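The values are calculated or read from the model by the stated rules, or taken from the named source; none is laboratory data. Values in this document were obtained by computation on a predicted structure and should not be read as measured data. A quick note on method: Cβ atoms are made from the backbone with ideal geometry, for glycine too, and the neighbour counts reach across all protein chains shown. Surface accessibility is based on the protein's heavy atoms, side chains included, excluding ligands, DNA and RNA. Shrake-Rupley method; radii C 1.70, N 1.55, O 1.52, S 1.80 Å.
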Amino acid sequence: MQRVRHNLLNRALAHAALITYTIIALFPVVIILINSFKTRKAIFRHPLQPPTPDTFSLIGYETVLKQGDYLHYFQNSLIVTVGSLFFILLFGAMAAFALSEYRFKGNTLMGLYLAIGIMIPIRLGTVAILQFMVAAHLVNTLTALILVYTAQGLPLAIFILSEFMRQVSADLKDAGRIDGLSEYRIFFRLVLPLVRPALATVAVFNMIPIWNDLWFPLILAPGEETKTLTLGSQVFIGQFVTDWNAVLSGLSLAILPVMILYVIFSRQLIRGITSGAVK
Amino acid sequence: MRAETRSKRRWHIAIFLAPAVLVYTALMILPLFGTLKLSLYQQVDQQQVFVGLDNFRTLFGDPNWSESFWRALKNNTWFFIIHMLVQNPIGIAIAAMLSVPALRFKGFYRTAIFIPTILSFVIVGFAWKLILSPLWGIAPDLLKMVGLKHLFHPWLGKEEYALTTIALISVWQFVGIPMMLIYAALLSIPDEILEAGEMDGITGMKAFWKIKLPLILPSIGIISILTFVGNFNAFDLVYTMEGAMAAPNYSTEVMGTFLFRTFFGHQTQPGDPNMGATIAMMMFFIILTGVVIYLFLIQTRMRRYQF
């Protein structure tokens, strides 16, 4: 009896603490979103109230959409993120297959070599990366960003994918070989479809840091044509420091795409983290 | 025949490996060496001249440079300490509560608490800048509600508070990562172990301290090294909230902003790729030291806890 009461108390305390922290986590986001739909007066007079018919206003969004090239920035971010993910997954899976499937001289060494990048941030090579991009005439192109993010994502992708590929049954691959499938077919037709969950995990892990990165867009592609949404909103919001409606709406528009991605992929993301893929 | 199939196989291996190795080598490994090389050269009359360790001597010997370097390192260390003392314990505590059996709404809490982690530094930085702004007054209003209005300061504008404030905002943003990793580790503890503890009367808080915590030490080790690498590589949040000059008066300077400003220059000082590379190399050595300590001292000792 005492034990039951004890458990109940424990659970009530856990709920109280978790609700408190959830409020702390969500409060700033909610404040930004609700105030972005209010008149300037209401933003300052009653910042904590949701918009009412009296205080509702879309003036901030009008300013932002008129001046900022949000749609274009969004498109750049989308190209960079999708392009990088494609190459991370394709090249990563190919290398992971080579490392997990074939025994060859230097296999372990190659694995270690490719793993260095898991711990050493690619940013430390920025000075030389910029020189390389200048020499290759890739400054202010989305290609430069895709290349850098591919290099950044590969080490962890190879590490995770080769763990999963080791679990693919050898019998299956050998059966394929007996049927005369080439090694490429075995990889693309037999192995890749089987590690799809792992591919999804890797994609979700890489998606958010690439989408949110400020450093490389700032250094490699700061031009108006190639601005990503993260860099674009940084510059854009910075210009409107005194126009609170515009700043709040700009922020809300930057939050929106990430939240949509999160709602779509959160289950995959959480499953990926908790399945121990990164242990 | 045999030799032929073997050599054929070797070609497959090379083709599978080539794209990843090429991109990775060209953009990750070679730039690291390129940066090392740049740190050993100086620009003299439009020409790069080898100067050995002169740049490092300047960085540590010239008071103008060494003062900035040590300030950035000291601030960065404080930034890291706050993450270790606030972010990771909160993350572990939340994970421990989430793992209470039969707790409802787990999925909701987890999803909601992870939201700040997915937002970009730009969003987080500006959102908090607005909330803490004395102009808008949300922070003073909230403090007034609990009768603590006198505690309010324009934290981001005061030298003594700015760095700690930014570190705490970064903690707010990234609590989700230790929470998720520790939660996963707690789930992987076999029930038999906990049941055996229960037989001996070890339950509740005691079970956490005596049984679970020792078993999740390896995950805490991973979180610590991830925090270390992330913190000594930090740049974005400071840049968004305080600019490249790490206002007020360089009090929020971390290694990342120091590198950025040196490399690109600022109002009074032209950009200097060689000194920038020198700072990047120092960051490399700091991070490498942390990773080596982790791999050789911490991880090898923790093996025995794995099951």
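List of remarks:
- Rounded to the nearest 20 debye, the dipole size of segment A:79-204 about its Cα centre is 80 debye, using +1 on the Cβ of Lys and Arg and -1 on the Cβ of Asp and Glu.
- Helix A:107-119 axis, angle to chain A major axis (alpha carbon atoms, nearest 10°): 10 degrees
- Within segment B:37-123, trypsin sites (Lys or Arg not before Pro) in DSSP loop having at most 14 other beta-carbon neighbours inside 10 Å: B:104
- Once the Cβ-Cβ distance of residue B:295 and residue A:167 is raised to the sixth power relative to R0 = 25 Å, the FRET efficiency obtained is 0.50.
- Magnitude of the charge dipole for chain B, about its Cα centre and with charges confined to Cβ atoms of Lys, Arg (+1) and Asp, Glu (-1), is about 960 debye.
- Separation of alpha-carbon centers, segment B:183-214 and segment A:1-65, rounded to whole Å: 35 Å
- For residue A:65 and residue B:267, a Förster radius of 30 Å and the Cβ-Cβ distance give a FRET efficiency of 0.35, rounded to the nearest 0.05.
- Across every direction, the projection of the convex hull enclosing the Cα atoms of segment B:1-154 has a mean area of 21.6 nm².
- Close amide-amide hydrogen proximity is noted between residue A:38 and A:57, each under 5 Å apart and 5 or more residues distant or on a separate chain (H modeled in the peptide plane; Pro and chain starts excluded).
- Inter-centroid distance (Cα atoms) of segment B:245-293 relative to segment B:88-156, Å: 29 Å
- Once the Cα-Cα distance is subtracted from the 0.36 nm per residue extended length, the residue B:150 to residue B:15 segment shows a gain of 41.9 nm.
- With a cut-off of 13 Å on the backbone N, the residues of segment B:116-160 near the modelled label site 7 Å out from residue A:26 along Cα-Cβ are B:116.
- Net lengthening on full extension, residue A:182/residue A:40 (0.36 nm per residue, minus Cα-Cα): 44.5 nm
- Within the accessible area of chain B (1.4 Å probe), percent carbon and sulfur: 65 percent
- Across the options A:265, A:27, A:193, the greatest Cα extent toward the positive end of the charge dipole of chain A (unit charges at beta carbon of Lys, Arg, Asp, Glu) belongs to A:27.
- Accessible area (Å², per residue) of segment A:2-62, counting only protein heavy atoms and a probe of 1.4 Å: 62 Å²
- Counted charge near residue A:158, where neighbours are those whose Cβ lies closer than 15 Å (Asp, Glu -1; Lys, Arg +1): -1
- Calculated FRET efficiency for the pair residue B:200/residue B:33, C-beta based, R₀ 56 Å, to 0.05: 0.50
- In a fully extended conformation the segment linking residue B:57 and residue B:44 would gain 3.0 nm over its present Cα-Cα distance, using 0.36 nm per residue.
- Across segment A:168-175, coupling constants 3J(HN,Hα) worked out from phi with the 6.51/-1.76/1.60 Karplus curve, θ = phi - 60°, read 5, 5, 5, 4, 4, 5, 5, 4 Hz, and Gly and Pro carry x.
- Using a cut-off of 28 Å between Cα atoms, the listed pairs B:106/B:210; A:38/B:129; A:66/B:149 include A:66/B:149 as exceeding that distance.
- Phi to ³J(HN,Hα) by Karplus 6.51 cos²θ - 1.76 cosθ + 1.60 over segment B:239-247, Hz, x for Gly, Pro: 4, 5, 8, 10, x, 5, 7, 6, 4
- Partner shielding of A:26-37 amounts to 4, given as the average count of beta-carbon atoms from other chains within 10 Å of each residue beta-carbon.
- Placing pseudo-labels 7 Å out from each Cα toward the beta carbon at residue A:48 and residue B:74 gives an inter-label distance of 3.9 nm.
- Convex hull volume of the C-alpha atoms in chain B, normalised per residue: 231 Å³.
- Applying a DSSP loop filter and a limit of 14 other Cβ atoms within 10 Å to the trypsin sites (Lys or Arg not before Pro) in segment B:114-222 leaves B:158.
- In this rough spin-label picture, where each label sits 7 Å from Cα along the Cβ direction, the residue B:160-residue A:137 distance is 5.8 nm.
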